[in-house]
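Coordinate-derived values only; no laboratory data. Note that the structure is predicted; figures quoted are calculated from it, not measured. Positions of Cβ are generated from backbone atoms using ideal geometry, with glycine treated the same way; all protein chains shown enter the neighbour counts.
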Amino acid sequence: MNIDDLRSLARERVPRIVFNYIDGGAEGEITLRENLRAFAEVEFRPRPAVAIPECDLRTRVLGSDLSLPVLLGPVGYCRVMHPDGEAGAARAAGMAGTAYVLSTVSGQRLEDVKAASTGPVWYQLYMIGGRETAERSLARAQCVGYSVLVITIDTTIVGLREREARDGMDQLLRGNVWSKIPFLSQFLARPQWLTRFLLDGGLPDMPNIITPEGRAYRVGDAHTSIKRGAFSWEDMSWIRELWQGPIVIKGVLTADDARKAVDRGAAAVVVSNHGGRQLDCVPASLRVLPEIVEAVNGRAEILLDSGIRRGADVVKAVCLGARAVLCGRAYAYGLAAAGEAGVTRALEILRLDIERTLRLLGCPAVSALDSSYVDVRRR
């Protein structure tokens with residue numbers, strides 16, 4: 001019926017550490033909870049008795065026409081959730097008429113993911129391995145038709161995700177055989193997942209992060225190398241020379257950073273706290289959205305992620321100034337629950353939610369939404 005149902009299925013079907021990788025947040029998970037509460041604080045102001053014979057969910061984002069204002073945001077290590085992985089998610093996005101954003105830390109070749117989708121596919125950049133490695137990835141992405149580059153700026157290091165640490169993430173990625181033994185029971189408890197995982201080759205390398213020697217990064221290497229190749233504003237100049245298309249800056253939470261991104265050539269910014277997975281106790285994305293809208297003042301498009309669970313959340317974000325939203329967890333639950341079919345169902349749920357919400361609001365189209373349809377009440 002809803003995304004929470006897919007979450008419950010995912011919990012039943014994948015090992016605890018995989019579920020907590022999808023579901024968890026940083027430290028005390030305060031921001032994770034606040035992302036959800038921020039949407040609950042926004043109330044609708046419907047206009048009853050308005051006939052809506054046709055409901056238009058379409059929007060246009062960075063030159064691409066989308067069938068609904070939802071893009072599938074970058075989620076790493078999708079093949080660990082299900083062998084369909086990133087290609088399955090991209091295929092589902094294309095079939096739904098929307099865009100897919102591929103994470104640098106994916107387990108499938110960017111060429112294969114692009115070929116799987118009939119819709120727009122964007123590439124999200126982590127500068128793991130430094131500029132030389134990043135340049136090769138960008139050249140590959142442009143060569144096969146990735147249309148937009150997304151640079152995530154809030155990952156100078158990986159946040160402390162305590163659920164993953166307790167479940168043995170470090171031991172499983174980088175430990176020896178003996179250090180892994182205490183954590184193996186959670187995999188044996190999910191025999192169907194384990195069988196698929198082993199038949200798929202086990203823990204995949206990172207085929208889109210290639211060393212100068214031509215070797216793909218291992219998962220453990222990529223995880224620890226993020227802090228050595230973190231993005232800084234000075235990197236924008238050479239990236240703009242390399243990338244012949246729109247650049248999106250993801251991870252903006254202040255007006256100053258929004259202006260800085262646009263001044264350096266960003267065509268769009270994503271208001272995002274990384275789903276509460278990086279620095280805990282930062283504000284919910286939705287709460288700072290109006291500040292970012294005012295600061296950008298129409299100079300760039302504005303997207304939002306973090307906390308999207310229902311189509312009503314999408315509508316609230318658009319009312320407050322977002323062109324569209326990126327969802328991550330919502331479709332990752334579906335992928336973990338049922339592979340590509342689960343991603344398809346997640347998108348279908350959100351589409352039906354959005355249409356129903358618009359009809360009940362008395363609004364004929366996503367393009368007609370504005371702040372008059374909502375009221376923000378802090379509890």
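Modelled spin labels at Gln244 and Asp375, positioned 7 Å past Cα toward Cβ, are 5.3 nm from each other.
Counting every other Cβ atom within 10 Å of each residue's Cβ, Lys260, Lys180, Lys250 order from fewest to most as Lys180, Lys260, Lys250. In this simple spin-label model, placing a label point 7 Å from the Cα along the Cα-to-Cβ direction at both Leu188 and Ala139 gives a separation of 4.8 nm. Label sites at Leu203 and Ala368, each approximated as a point 7 angstrom past Cα along Cα to Cβ, lie 5.3 nm apart. Taking the Cα centre of the chain as origin and assigning +1 to Lys and Arg Cβ atoms and -1 to Asp and Glu Cβ atoms, the resulting dipole is close to 460 debye.
So for the chain, averaging the separation of alpha carbon pairs under 8 Å that are six or more residues apart and normalising by length, what relative contact order in percent results? Can you show the working numbers first?
Numbers: 806 pairs, mean separation 109.7, N = 379.
The value is 29 percent.
About its Cα centre, the dipole of region 137-277 is roughly 320 debye, where the only charges are +1 on Lys and Arg Cβ and -1 on Asp and Glu Cβ.
Remark: Val248, Val105 ranked as Val105, Val248, counting other beta-carbon atoms within 10 Å and listing the fewest first. Of the DSSP H helices in the chain, those that are both long (alpha-carbon extent of 30 Å or more along the helix axis) and hydrophobic (Kyte-Doolittle mean at least -0.5) are 329-361.
Straightening the chain between Ala216 and Ser179 buys 10.8 nm, computed as 0.36 nm per residue apart minus the Cα-Cα spacing. Here Val288, Val314 are placed in order of increasing Cβ neighbour count within 10 Å, fewest first, which gives Val288, Val314. Note on Arg196/Glu132: beta-carbon distance plugged into 1/(1 + (r/R0)^6) with R0 of 41 Å gives a FRET efficiency of 0.70.
So which residue, out of Asn208, Asn20, Asn35, gets the largest mean-square fluctuation from a GNM of the chain using Cα contacts under 10 Å as springs? It is Asn20.
Multiply the residue gap between Leu352 and Thr254 by 0.36 nm, knock off their C-alpha separation, and tell me the result in nm, one decimal place. The partial results should precede the final answer.
On the way: separation 98, 0.36 × 98 = 35.28 nm, distance 3.24 nm.
Here the answer is 32.0 nm.
The DSSP beta bridges internal to the chain are antiparallel in roughly 25% of cases. Using a Förster distance of 41 angstrom, determine the FRET efficiency expected from the C-beta separation of Ile30 and Thr118, and round it to 0.05. Between Ile30 and Thr118 the formula returns 0.55.
When the chain is described by a simple charge dipole with +1 on each Lys and Arg Cβ and -1 on each Asp and Glu Cβ, the residue from Val42, Gly168, Gly130 located farthest towards its positive end is Gly168. Taking a point 7 angstrom from the Cα of Ser64 along the C-beta vector, which residues in region 307-327 have backbone N less than 16 Å away? Within reach of a label on Ser64: 323-327.
Loop-located GluC sites (Glu not before Pro) in region 151-213 (DSSP state other than H, G, I, E, B) with a sparse environment of at most 15 neighbouring Cβ atoms within 10 Å: Glu213.
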